[in-house]
Amino acid sequence: MTQKEKYNLAKSIYANYGVDIDQAIHTLKHTPISIQCWQGDDVKGFYSKEALSGGISVTGNYPYKANTLEELRKDLEMVFSLVPYQHRVNLHAIYLDTQESIGLDEIEPRHFESWVKWAKKNNVKLDFNPTLFSHPMAKSGFTLSSSDETVRNFWIKHVKQSRKIASYFGEALNTDTVCNLWIPDGYKDSPYSRLSPRVRLKESLDDIYQTKLPHVKDTLESKLFGIGAESYTTGSHEFYLGYATKHHLGICLDTGHFHPTEQVSDKLSSMSLFVDHTLLHVSRPVRWDSDHVVTLNDDLIGVAEALVRDDLLKKTSIGLDYFDASINRIAAWVIGIRNTQKALLKALLEPKELLKKIELEQNYTQRLIYTEELKALPFGLVYDYICETEQKPVGIDFLKQIEAYEATMKGKRL
């Protein structure tokens with residue numbers, strides 16, 4: 001059977017459930033995924049030769065990581081060629097393009113002009129993150145909540161400059177740019193005062209966000225614990241949720257930043273009632289925040305279902321956040337993007353209005369039967385058809401192209 005014939009078969013099956021496949025495809029096409037640049041070079045960036053620190057660790061020794069901006073951009077372009085639809089690229093501040101010797105508190109939009117030029121050429125939008133790790137001013141384990149005023153002021157200025165860069169991206173690319181803040185602050189052992197660092201963090205945030213910037217969606221990212229901050233994390237979920245709600249900022253939910261028994265999918269509906277904007281960092285924790293390549297597992301499907309069933313896609317940004325050096329890095333990107341798209345498509349191919357009606361009527365028998373039967377429907381055939389119509393490799397065919405691309409790196413990259 002051709003892909004078209006398989007698609008028509010799937011379309012007839014879904015029609016029996018009252019599902020409009022064309023509408024589902026349209027929605028998926030207009031749901032971009034922000035691709036994390038740091039997967040390509042193991043979060044090293046191009047700012048300094050500082051070793052990774054601040055709770056950041058990359059495992060694996062697969063060869064051929066990007067060593068220059070040119071290589072990183074070429075790798076991202078390869079990713080674009082293997083996944084359907086247009087997406088975004090998420091940058092950290094340490095991916096600036098300059099030969100100047102400058103402090104992170106001095107970075108400006110001009111240091112990212114080449115990224116904007118590249119984004120326009122490739123028809124992608126950009127998101128941004130200040131970088132508060134792998135830096136001498138973060139070696140104490142504290143940044144915005146440091147008891148050292150000099151350290152706090154350095155990082156306050158860095159985040160302010162980062163927000164200006166995000167605003168520049170938004171204006172230049174005619175978009176709203178997500179500017180997400182994560183800090184590594186915390187204690188390895190139990191603190192005497194849990195309040196004091198949070199008072200300092202609040203004061204730092206008050207300074208940073210006193211001015212709204214055009215084209216910027218500010219988000220705050222919490223974490224349960226980190227390496228070197230196992231006992232106490234200043235930027236907890238409760239702290240940031242309270243601050244964001246009060247100050248009309250967005251919240252970032254990283255799927256690896258919570259207790260293994262917590263479901264991020266269950267947080268989305270509650271937060272949507274009180275938070276203006278949600279950013280999802282899609283990752284795969286294995287026992288802890290270990291940033292594995294995203295697979296099509298129950299957690300990912302649950303997040304997609306929560307977004308689609310309650311119409312939360314329009315107020316949610318979706319990005320990837322993992323850095324796996326145990327396999328081909330481009331394959332890691334492509335697998336994560338495709339699986340995130342498949343999870344969204346699977347959720348979009350549910351008869352949403354019918355299921356809501358059944359639930360309102362309290363017919364829980366029908367609800368269970370429908371939701372269980374839907375799990376086995378051929379959403380994969382629909383995704384394959386999307387790939388073919390978008391002239392992207394179908395199924396495992398992208399592996400051949402990745403292997404061919406990798407062959408060109410031998411003798412040129414470490």
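No value in this document is a laboratory result; all are computed from the given coordinates. As the structure is a computational prediction, the values presented were derived from the model and not from experiment. For neighbour counting, all protein chains shown are included, and Cβ atoms are generated from backbone atoms with ideal geometry for every residue, glycine included.
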Sequence-distant lysines (8 or more away, or on other chains) whose Cα lies within less than 20 Å of Lys49 = Lys65, Lys139
Global size of region 228-273 as Cα Rg and Dmax, reported in angstrom = 11.5, 34
remark   = FRET efficiency for Arg309 and Glu5 from the Cβ-Cβ distance with R0 = 25 Å, rounded to 0.05, comes out at 0.25
inquiry  = Viscosity 1.002 mPa s, temperature 20 °C: give me the Stokes-Einstein translational D for the chain in µm²/s, with Rh taken as the Kirkwood radius over C-alpha pairs.
reply    = 96
task = Give me D for region 302-414 in µm² s⁻¹, whole number, from Stokes-Einstein with Rh from the Kirkwood sum over alpha-carbon pairs, 25 °C and 0.890 mPa s.
result = 146
query = Under a point-charge model restricted to the Cβ atoms of Lys and Arg (+1) and Asp and Glu (-1), what is the dipole moment magnitude of the chain relative to its Cα centre, in debye to the nearest 20?
reply = 480
inquiry  = Tell me the mean residue ellipticity at 222 nm calculated for the chain from its helices only (DSSP H runs of n ≥ 4, each -39500 (n - 2.57), averaged over every residue, nearest 500).
reply    = -13500 deg cm²/dmol
remark   = Given pairs Lys157/Lys217; Lys223/Lys267; Lys202/Lys314; Lys6/Lys352 and cut-off 20 Å on Cα-Cα distance, the over-length ones are Lys202/Lys314; Lys6/Lys352
ask   = What nm value, rounded to one decimal, do you get for the distance between Glu70 and Glu100 when each label is placed 7 Å out toward the C-beta?
value = 2.3
ask   = Exposure proxy check: His281, His30 ranked by fewest other beta carbons within 10 Å?
value = His30, His281
note = So, for the Cα atoms of region 173-239, Rg and Dmax in Å stand at 14.2, 48
